[in-house]
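Written out below as structure tokens is the structure these notes cover.
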Amino acid sequence: RGSSTRGGVGGFLGLVRAVLVRTGTDRHRLLIAIHHLVVDGWSTPLVLRDLLTAYAGGAAALPPPATGYPAVVSGLLARDMAAARAAWAEALAGAIPTVLFDRAGGTDGEAPPMEEAALTLPAPLTDALLARLRDGGLTLNALMQAVWALVLGNMIGRDEVLFGTPVAGRSAVVAGLEEQVGLFLNTLPVRVTLDPARSLWAQLPAIQDRHIAL
């Protein structure tokens, strides 16, 4: 059992754990647990690639990291902050917070009991849906944002909602960032105004373009 990252164990002890379990004479299972503070989903294949490389050829077989967090921070600081503030000020001007319940509102503000619901779409319907998205130059993410906006709008009785969505946070401005192991996730506000007079599908391009721009 051990803990490690490409930059040394340091303060990550306990956040990365690997356990090799022998299940037979020549059979083993490797169990890896990594806290989300250390890596994002993009990093998973990179970690596994480095692990197999180091196992086969030793630590010396690992190439040096393509970049590092100082370069990431420098890249963020080099952005046009004034333009960013202006863009977000315009995007969120007059926005009303989407509040499903208010804990400060007394008894009526208690959170409703947690419920889960699962819906499995038939494979032919899923294939047809994905094909139509591709034909329209749309992503599944845009559709999910629109559907979630519709759900939230129905819950609060408004056509406009504001919620957060995770993004990869790996900018092409920083060279080699696609090879960097770490947590680069960010959360962006998504403001969606639905027009009841138009089909949800017809509103997807605008929702997608707005998200990409921001």
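Quick notes
- The calculated Kirkwood hydrodynamic radius for the chain is 21.6 Å, given to one decimal from all distinct C-alpha pairs.
- log10 of Debye I(q)/I(0), alpha-carbon scatterers only, for the stretch 88-214 at 0.10 Å⁻¹: -0.45
- For the stretch 172-214, the solvent-accessible area works out to 56 Å² per residue, with a probe of 1.4 Å and every protein chain left in place.
- The protection proxy used here, the mean number of other Cβ atoms lying within 10 Å of each residue, ranks peptides 181-190, 133-142 as follows, highest first: 181-190, 133-142.
- Between the stretch 111-172 and the stretch 22-71, the Cα center-to-center distance that results, in Å: 32 Å
- For the stretch 63-214, the carbon plus sulfur part of the accessible surface works out to 62%, probe radius 1.4 Å.
- With the helix formula -39500 (n - 2.57) applied to DSSP H stretches of n ≥ 4, the chain reaches a computed 222 nm mean residue ellipticity of -11000 deg cm²/dmol.
The values are calculated or read from the model by the stated rules, or taken from the named source; none is laboratory data. None of the values given here were measured: they were computed from a predicted structure. Ideal geometry is used to build each Cβ from the backbone, glycine not excepted, and the neighbour counts take in all protein chains shown. The protein model used for the area step is the full one, side chains on, heavy atoms only, and it has no ligands, DNA or RNA in it. Shrake-Rupley method; radii C 1.70, N 1.55, O 1.52, S 1.80 Å.
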